[in-house]
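Contents: one structure, followed by commentary.
Please treat every number below as a calculation from the coordinates, not as lab data. As the structure is a prediction and not an experimental result, all values here were calculated from the model. Backbone-built Cβ (ideal geometry, glycine too); neighbour counts: all protein chains shown.
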Amino acid sequence: MTNSASKPDAANSPQYKASQSTWNAIAESQEFKDLIATNKAFVVPEVVFFVVYYVALPVLVGYAPQFMSIRVGWVNLAYLFALSQFFVAWLIAGLYVKAANAFDRLADDIVNKAHDSQGGK
């Protein structure tokens with residue numbers, strides 16, 4: 001059984017009290033459109049890069065087995081490439097967290113500007 005008193009109600013917090021018209025005005029603002037464009041400019045290339053990087057392993061193993069079987073120390077390139085995918089995934093996640101913090105600050109500025117234009121309601 002959950003204790004509803006221990007959970008904060010998001011609908012009652014001040015940042016969610018804006019009317020639908022306020023949210024529509026935010027969505028139509030140039031600052032919000034710029035935020036979405038900035039987010040897309042970061043996310044789309046990252047996703048494309050990761051998908052290409054991820055698909056490259058089976059493609060290279062299938063079409064260039066001699067290249068992928070080159071020994072580097074006690075392992076071959078295919079194993080090194082497979083292991084590198086873990087590091088690349090963590091690197092992309094770290095970069096996104098850093099970028100998301102900037103996106104969150106921009107989003108907070110947009111919401112605060114809308115809140116202030118409403119007279120602090």
Query raised in the report: At Ile70 and Phe86, where each label point lies 7 Å from the Cα along Cα→Cβ, what is the point-to-point distance in nanometres?
Result: 2.4
Query raised in the report: Kirkwood hydrodynamic radius of region 78-119 from all distinct Cα pairs, in Å?
Result: 12.7
Report summary line: Cα-based Rg then Dmax for region 21-117, in Å, read 20.7, 65
Query - Per-pair calculated FRET efficiency, R0 = 22 Å: Asn101 and Val55 via Cβ, rounded to 0.05 - result: 0.15
